[in-house]
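Got a structure for you, questions after.
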Amino acid sequence: MDVDTEIPAMVHAYLDAWNQHDPDKFAALFADDADSTTAQGATTHGRSAVHDLYKKMFQGRFRSSHRAAEAPRIRPLTPELVAVDVPMRLGGVTGPDGNPRPDRPVLATWIVQHGPAGWAIVVAHESNLPNPGAGSGGQSADSG
């Protein structure tokens with residue numbers, strides 16, 4: 001296992017699935033029993049629940065969304081378990097009113113486990129981060 005190449009490849013696959021709005025490819029990155037929490041606080045348990053949530057998101061306010069990522073920060077916890085922070089930029093989201101939302105920084109934090117099928121996300125949490133220079137007018141975690 002080479003986490004320095006395999007985890008960035010996983011991040012690339014995540015971005016591809018997101019930017020293609022493909023819930024099948026997206027959910028395939030998660031373990032069967034994965035836990036996931038979005039920046040808006042929606043939680044899921046299991047790959048099929050991840051699939052169903054993101055299918056709905058990709059058909060709704062996130063249908064034109066796009067993500068880009070910086071290099072992931074990788075910390076091996078054991079030979080088969082790795083903590084990963086992925087700073088990202090999210091854009092193309094519409095608000096509940098149908099109006100475009102400003103692009104925003106997001107931090108994805110994953111626990112990734114290596115198994116017989118390779119690496120899979122077992123825990124995923126996302127946080128909206130303040131936009132640099134936004135001051136008190138920046139987006140809050142529940143604004144988009």
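Hey, could you check the range 86-103 for residues that are of a type in the set (D, E, K, R) and surrounded by 16 or more Cβ atoms within 10 Å (Cβ to Cβ) and say which is nearest to MET57 (Cα to Cα)?
ARG101
Among (1) crowded, with 19+ Cβ neighbours inside 10 Å; (2) touching an Asp or Glu at 6+ places or on another chain (Cβ under 9 Å); (3) small (Gly, Ala, Ser), which single condition is ALA31 missing?
(2)
Determine, yes or no, whether ALA83 is among the small types (Gly, Ala, Ser), on the phi < 0 side of the Ramachandran plot, assigned to a loop (DSSP other than H, G, I, E, B) and more than 13 Å from the chain's Cα centre (by Cα). Spell out the reasoning first.
Working: among the small types (Gly, Ala, Ser): yes; on the phi < 0 side of the Ramachandran plot: yes; assigned to a loop (DSSP other than H, G, I, E, B): no; more than 13 Å from the chain's Cα centre (by Cα): yes.
So ALA83 does not fit the description; no.
If you don't mind, there's one more thing I want to ask. Specify the residue that is surrounded by the fewest Cβ atoms within 10 Å (Cβ to Cβ); the eligible residues are those in the range 11-28 that are within 17 Å of VAL106 (Cβ to Cβ) and hydrophobic (A, V, I, L, M, F, W, C).
My answer is LEU15.
Specify which of the listed residues (HIS12, HIS21) is within 13 Å of the chain's Cα centre (by Cα) and not in a helix (DSSP H, G or I).
Selected residue: HIS21, the only one of HIS12, HIS21 that is within 13 Å of the chain's Cα centre (by Cα) and not in a helix (DSSP H, G or I).
Each reported figure results from applying straightforward, stated rules to the coordinates on display, with no laboratory input. These figures come from a predicted structure and were not determined experimentally. Note that we place each Cβ from the backbone using ideal geometry, even for glycine, and neighbour counts take in every protein chain shown.
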